[in-house]
Amino acid sequence: MNELQELYQQVIIDHNHNPRNFHEIEHPSHSAKGHNPLCGDKIDIYLTIKENIITEVSFMGSGCAISKASSSLMTEALIGKTVTEAQKLFDSVHNMITSGKADAEDIGKLAVLSGVHKFPARVKCAILPWHTMKNALEKKTQTAITE
Amino acid sequence: MSKFDVNKIRSDFPVFTDKSLVYLDSAATTQKPKQVIDAVSDFYSNYYANVHRGIYELSMKATEAYHSARQKVANFINSSDWRSIVFTGGTTESINLVAYSWARKNLKTGDEILITEMEHHSNIVPWQLVAKETGVILKYIPINTNGTLDLSNIDELLTNKTKLVSVIHQSNVFGTINPIKKIITHAKRVNALTFIDAAQSITHSQVDVQDLDCDFLAFSGHKMLGPTGIGVLYGKPELLDSMTPFMGGGDMINSVTMTKSTWNDIPYKFEAGTPNIAQAIGLGAAIDYINEIGISNIHKYIQHLLNIALEKLRAIDKLTIYGHQVGESSSVISFNLEGVHPHDLAQFLDQDGIAVRAGHHCAQPIMDKLGVSSTIRASFYLYNTEKEIDKLCANLIKTAKFFKGL
Ligand SMILES: Cc1ncc(COP(=O)(O)O)c(C=O)c1O
């Protein structure tokens, strides 16, 4: 099996066929849309944050196996995290996908995504849900400041 | 296919010395034969100078070569007047030139521009910008989901307010060849001007501006074996003459004083600044190359490849081809394989050296119509082989199987 097949084996086996938290949240406290203009893929991220803790997170959209698996893994990883932890995780994942190094403490299961860095054209697919999540979080931060 | 020797053609393209490359993205841009590369390199190495400026030998030689490229383009599309050929950066710039120098100057609120839902973004967005600034109404000839234009209501879409009809000759998504002659005839009934986007069709069909009797026509050098950075706007000379310049600068003026300038003659009026000389010369060499083989031979050969590819792709389980059902079409095939996202599929094909396109192909309105976010597109040109089609199909089957087993 080649590297690409291996990556897909590890990542997709579960998450593409059986994505976690693949639904809409009716009244999310935070949400954002992501779009990859290159391939036309679209994603929606929904979060419920209570007292600074992410209690609910989900996604919807159409995307390739890598973006779908990345979204699914992300939703699993975020539940129970504080906003600051989520932002830190964004940085760890971003570093991992661009460098291939999965050595950050908070990476855990997300390490399967490290193989994406070998396929530069796909880095955007893997990172899109994370950018969208970050946008969702930051919008709230801004409103929180003006309140 | 006896006269057409694809192996000999392939040997003209340095990129194919890499035997593992299966290049199926010519609708995006074509590879270059050494004849084109050499022509550009010869110019830079042996007679490089600016054009229209020097009275020294070198500059005259460069000017001659630049002019000769223009004459080649005129002959290639059967224009009897070289002044009808404006060199631009590409199809996109050609369309924008007309949007700025003609549409913005001549159209007013309530006038209409008619395009189609099949257009490349470059034949949509410039008109949307015109519409936004001037109050012109942009209308669309609809497409059928089988990849053809729905012309049933064309006489209602064309009104005495229609001032311009701009249509893609060959779809870069479906490969469909549109009945542009018929559309031009309809447009003339309401005295609308006509613009043909020939970016795809120019590569293999006899585009004849006298026979079509269109007012404008555009194409890009890089899609027809030529360099990037060079394109063509054909315009009827009297029309070009009546238009104001697109950009101001050197080369496009007759005289400049502190208060006013007068414009140079066409086509120079539209070519401000030092032009893309090397690229124009390269385009001339590409036209020579195509003429040497014969455009009708190229057409026949890629039509042959298309038929084989369609037959073999149709035999693949769970593969949907968009278009190629009725009417004329060329060797651009968009498809999807159930259960494998186009992006994933293209990545797997790339592992085996097969270059196809995955995406919306700069035609999002078509994707909306088909109800998909993207497709795979394989496009074939004169250097592709039947063997490559077999390799593509074998890989599609292999990939489908891999994904099914996950
Ligand atoms: C039909 C069609 N029109 C216009 C264009 C734009 O050409 P360019 O990018 O060379 O300006 C393309 C190229 O993708 C095309 O396929």
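Below is a table of values for the structure above.
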{"read-out": "In the range B:346-358, the residues that are within 12 Å of another protein chain (Cβ to nearest Cβ) and either within 17 Å of A:Glu3 (Cβ to Cβ) or more than 26 Å from the chain's Cα centre (by Cα) (or both)", "value": "B:Ala346, B:Gln347, B:Phe348, B:Leu349, B:Asp350, B:Gln351, B:Asp352"}
{"read-out": "Subset of the range B:91-120 that is open to solvent by 40 Å² or more (accessible area, probe 1.4 Å) and near the ligand (Cβ under 8 Å from one of its atoms) - its residue that is farthest from the other protein chains (Cβ to nearest Cβ)", "value": "B:Glu93"}
{"read-out": "Index of the failed condition, B:Phe174 passing every other in (1) within 12 Å of the chain's Cα centre (by Cα); (2) within 12 Å of the ligand (Cβ to nearest atom)", "value": "(1)"}
{"read-out": "Options B:Ile277, B:Ile290; residue that is within 18 Å of the chain's Cα centre (by Cα) and open to solvent by less than 50 Å² (accessible area, probe 1.4 Å)", "value": "B:Ile290"}
{"read-out": "Filter result for A:Ser62 (in contact with a Lys or Arg (Cβ under 8 Å, 6 or more places away or on another chain) and among the small types (Gly, Ala, Ser))", "value": "yes"}
{"read-out": "Complete set of residues in the range B:213-240 that are open to solvent by less than 20 Å² (accessible area, probe 1.4 Å) and either away from the ligand (no atom under 12 Å from the Cβ) or within 14 Å of chain A (Cβ to nearest Cβ) (or both)", "value": "B:Cys214, B:Asp215, B:Phe216, B:Leu225, B:Tyr234, B:Gly235, B:Leu240"}
{"read-out": "Filter result for the condition that a residue is more than 14 Å from chain B (Cβ to nearest Cβ), in contact with a strand residue (DSSP E or B) (Cβ under 9 Å, 6 or more places away or on another chain) and assigned to a helix (DSSP H, G or I), over A:Lys109, A:Lys68, A:Lys124, A:Lys139", "value": "A:Lys139"}
{"read-out": "Whichever residue in the range B:56-75 is more than 16 Å from the ligand (Cβ to nearest atom) and in contact with a strand residue (DSSP E or B) (Cβ under 6 Å, 6 or more places away or on another chain) and, among such residues, is nearest to the other protein chains (Cβ to nearest Cβ)", "value": "B:Arg70"}
{"read-out": "Test result for B:Lys132, more than 21 Å from the chain's Cα centre (by Cα), part of a helix (DSSP H, G or I) and over 15 Å from B:Leu193 (Cα atoms)", "value": "yes"}
{"read-out": "Which listed residue is of a type in the set (A, V, I, L, M) and under 22 Å from the mean Cα position of the chain (by Cα), from B:Met243, B:Met224, B:Met252, B:Met247", "value": "B:Met224"}
{"read-out": "Which numbered condition B:Leu164 misses (of (1) over 20 Å from B:Glu238 (Cα atoms); (2) away from the ligand (no atom under 16 Å from the Cβ); (3) part of a strand (DSSP E or B))", "value": "(1)"}
{"read-out": "Residues located in the range B:121-139, provided they are away from chain A (no Cβ under 14 Å), in contact (Cβ under 8 Å) with a residue 12 or more places away in the chain and within 16 Å of the ligand (Cβ to nearest atom)", "value": "B:Ser122, B:Asn123, B:Ile124, B:Pro126, B:Trp127, B:Leu129"}
{"read-out": "Test result for B:Ile298, more than 14 Å from chain A (Cβ to nearest Cβ) and over 30 Å from A:Gln5 (Cβ atoms)", "value": "yes"}
{"read-out": "Meets criteria (open to solvent by less than 10 Å² (accessible area, probe 1.4 Å) and modelled with pLDDT under 90) for A:Asp41", "value": "yes"}
{"read-out": "Leading residue by the ranking (surrounded by the fewest Cβ atoms within 10 Å (Cβ to Cβ)) among those in the range B:76-90 that are within 14 Å of the ligand (Cβ to nearest atom) and of a type in the set (Gly, Ala, Ser)", "value": "B:Gly89"}
{"read-out": "Residues located in the range B:201-212, provided they are within 16 Å of B:Gln31 (Cβ to Cβ) and within 11 Å of the ligand (Cβ to nearest atom)", "value": "B:Thr203"}
{"read-out": "Matching residues in the range B:241-258 - criterion: being of a type outside the set (Phe, Trp, Tyr), open to solvent by 20 Å² or more (accessible area, probe 1.4 Å) and under 19 Å from B:Ser166 (Cβ atoms)", "value": "B:Ser242"}
{"read-out": "From the options B:Thr109, B:Thr92, residue that is assigned by TED's automatic domain parsing to the domain that holds B:Ala199 and under 20 Å from B:Lys223 (Cα atoms)", "value": "B:Thr92"}
{"read-out": "Per-region count, the range B:370-387, residues over 19 Å from B:Ile316 (Cα atoms) and within 13 Å of another protein chain (Cβ to nearest Cβ)", "value": "5"}
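The values are calculated or read from the model by the stated rules, or taken from the named source; none is laboratory data. Since the model is a prediction, treat every value here as computed from it, not as a measurement. Cβ atoms come from the backbone with ideal geometry, glycine included; neighbour counts cover every protein chain shown. The accessibility values were calculated without ligands, DNA or RNA, using every heavy atom of the protein model including side chains. Shrake-Rupley method; radii C 1.70, N 1.55, O 1.52, S 1.80 Å.
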